[in-house]
1. Residues to consider are Ala67, Ala58; find the one that is among the small types (Gly, Ala, Ser) and open to solvent by less than 50 Å² (accessible area, probe 1.4 Å).
2. Determine, yes or no, whether Tyr437 is of a type outside the set (Lys, Arg), within 16 Å of ligand 1 (Cβ to nearest atom) and part of a loop (DSSP other than H, G, I, E, B).
3. Please note which strands (runs of 3 or more DSSP E) are completely contained in region 157-238 and include at least 1 residues that are at pLDDT below 95 and closer than 23 Å to Cys101 by Cα.
4. Could you go through region 470-492 and let me know if any residue there is within 16 Å of ligand 1 (Cβ to nearest atom) and within 22 Å of the chain's Cα centre (by Cα).
5. Of (1) open to solvent by 10 Å² or more (accessible area, probe 1.4 Å); (2) within 8 Å of ligand 2 (Cβ to nearest atom), Asp472 satisfies all except one. Which?
6. For region 274-285, give me each residue that is surrounded by fewer than 24 Cβ atoms within 10 Å (Cβ to Cβ) and more than 7 Å from ligand 1 (Cβ to nearest atom).
7. Can you pull out every residue in region 406-423 that is open to solvent by less than 10 Å² (accessible area, probe 1.4 Å) and either in contact with an Asp or Glu (Cβ under 6 Å, 6 or more places away or on another chain) or near ligand 2 (Cβ under 9 Å from one of its atoms) (or both)?
8. So, in region 309-318, how many residues would count as being surrounded by fewer than 20 Cβ atoms within 10 Å (Cβ to Cβ) and farther than 12 Å from Glu181 by Cβ?
Amino acid sequence: MRKYLVVALACLAACSQTDQAAHTFPPAFDQAELFPGGETSVSALPFASLEKPAANMADALKPNFHAGKALANQPWVKAPTTTTARDGLGPIYNARTCLSCHIKGGKGNIPLDNDSPLTTTLVRLSVPTTDALGNDPSLITHGLIPHPVYGDQIQNQSISLAHQLRNNPSAQNLAHDVAPEAYINIQWIESQYKYPDGSITALRRPELDVRYLGYGSFGDDTLFSIRVAPSIHGMGLLALIDQQDLNALADESDANQDGISGKVNLVWDVQAQALRPGRFGLKSNKPTLEMIVAAAFKNDVGISNPLFPDQPCSSSQADCLKQPNGNDAEGVELPQHLLDLVVDFNRNLAPLQRDEELSKAVSKGRTLFYESGCHQCHQPSFKTQESTKYPHLSEQIIWPYSDLLLHDMGEALADYRPEFLADGKEWRTAPLWNLGYHPKVNGSHVLLHDGRARNVEEAILWHGGEAQKAKDQFVHLPKSDRDALIEFVYSL
Ligand code: HEC
Ligand code: HEC
């Protein structure tokens with residue numbers, strides 16, 4: 001709430017509509033809220049898609065956007081092939097294309113039952129550190145100690161056809177083939193939440209069910225983190241939020257004693273070769289869009305590139321290391337100019353406009369959202385920085401509903417797997433923009449980092465830690481008010 005006070009003091013005369021809205025609490029509704037990506041926002045008609053270019057992007061940039069989209073959509077194949085431009089898949093990987101996880105630019109999904117393999121969700125891993133001084137080079141560049149054999153991500157696919165088909169994977173049968181690191185399934189643990197008014201909601205949380213380990217046992221102390229692919233719309237706008245604006249929202253030692261701290265992660269930037277504030281990834285574990293896209297190419301698809309020139313195999317994965325690669329004359333599978341196209345495709349993906357008419361319930365829900373304190377982490381709006389390089393993304397009023405900071409969300413959501421300054425209970429505030437469109441975009445209903453929530457109500461009920469107070473406010477509301485708040489979140 002600090003922000004409103006500052007704006008109110010600085011704005012005694014001649015204020016814009018947005019500034020005036022900030023005088024009152026909750027702030028008065030502003031028409032600009034209907035355009036979550038400012039002038040980049042595109043219509044959700046005739047169908048909702050999160051893979052459209054920014055509405056105000058110059059026509060001259062569109063061919064590159066579509067070329068980047070084609071690269072994000074194109075299935076990579078095993079090397080060597082005659083089409084050298086798209087070979088180099090794996091040898092171990094999670095998916096053949098970017099958009100097979102970020103389906104149509106939206107969220108991934110997680111299997112409903114224990115029989116289907118994990119496809120649009122990643123499992124990260126690491127081992128605990130006893131290096132109190134933090135001298136291990138991995139702590140500096142990865143913010144954690146990768147597993148000595150499996151690295152920091154389980155690649156559950158490989159170029160072996162028998163494994164792709166999950167065809168009788170006995171060690172003997174596949175002795176000379178490159179094994180994926182593991183087959184992963186999910187077991188759901190059911191529970192219930194009982195509201196103070198007596199009504200009951202079913203909850204579930206995932207547990208890993210690893211069926212085949214390609215490279216020996218993990219070891220007892222291994223730390224795991226299940227992460228569903230988030231949506232990738234509006235990335236260029238998030239990249240242009242001034243770090244000072246995020247720092248201003250952080251309150252790491254909770255100096256204002258509102259129970260909410262908010263912390264900036266400091267993470268390794270391979271381009272700068274230095275620690276930089278993080279804002280991408282579910283623990284704000286990557287500093288720039290270039291880096292998260294390049295890391296995804298290497299780790300998720302197994303495509304080496306100028307930022308990450310190595311194959312995804314660890315030094316103990318001999319079969320993986322000896323496979324032919326798809327390197328070009330520069331020694332990488334994806335040259336810089338093609339990487340740039342995919343980064344710019346991600347940068348220019350537009351948020352969708354909201355419905356023009358706010359229903360009574362949505363207006364009510366909006367008030368309750370602020371009154372419950374949701375906005376304290378789900379920061380409604382920012383103005384992007386001035387940018388001559390990306391004029392269409394420059395100085396836009398955007399409504400992501402996230403402070404991109406780390407918050408302790410309590411034991412129930414903890415993965416106990418630290419990454420840089422993010423501890424095992426901290427997560428980046430999930431942006432809520434366009435949340436209600438996800439089922440329409442690609443059928444995904446799942447929320448929270450590991451997809452345990454099947455709807456907004458369940459997502460709120462899992463909030464704890466710094467968000468306990470907001471959750472308590474929510475559960476004590478009468479049912480009709482709870483429904484209104486939920487409808488507001490879906491309307492974003
Ligand atoms: C196997 C599924 C999968 C594939 C394939 C994949 N991603 Fe992701 N992506 C994820 C997950 C999971 C995260 C969150 C990562 C984390 O928290 O560490 C993510 C994060 C991102 C983000 C940051 C989103 C945010 O809100 O901060 C971007 C951008 C992104 N991916 C782009 C790509 C691109 C480009 C490719 C192709 C080169 C790709 N991804 C391939 C699953 C995937
Ligand atoms: C202390 C900060 C904080 C407060 C307060 C807070 N949230 Fe969150 N919220 C988060 C974080 C962090 C996540 C991501 C957690 C995860 O992925 O496990 C999240 C995730 C969510 C999600 C899931 C979004 C997605 O795409 O997965 C919804 C919905 C949500 N919050 C709604 C609310 C509502 C409604 C309120 C108020 C009742 C609220 N939150 C209060 C920090 C907060």
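The values are calculated or read from the model by the stated rules, or taken from the named source; none is laboratory data. These numbers come from a predicted model, not from an experiment. No Cβ is skipped: glycine too gets one built from the backbone with ideal geometry, and neighbour counts run over all protein chains shown. The accessibility values were calculated without ligands, DNA or RNA, using every heavy atom of the protein model including side chains. Shrake-Rupley method; radii C 1.70, N 1.55, O 1.52, S 1.80 Å.
1. On the way: Ala58 fails: open to solvent by less than 50 Å² (accessible area, probe 1.4 Å).
Answer to the selection: Ala67.
2. Values: of a type outside the set (Lys, Arg): yes; within 16 Å of ligand 1 (Cβ to nearest atom): yes; part of a loop (DSSP other than H, G, I, E, B): no.
Judged against the criteria, Tyr437 is not a match.
3. Values: elements: 182-194, 200-213, 223-228.
The strands (runs of 3 or more DSSP E) meeting that bar are 182-194, 200-213.
4. Scanning region 470-492 turns up at least one residue that is within 16 Å of ligand 1 (Cβ to nearest atom) and within 22 Å of the chain's Cα centre (by Cα).
5. Here Asp472 meets the rest and fails (2).
6. Ala274, Leu275, Arg276, Pro277
7. Residues satisfying the conditions are Leu406, His407, Leu413.
8. 4
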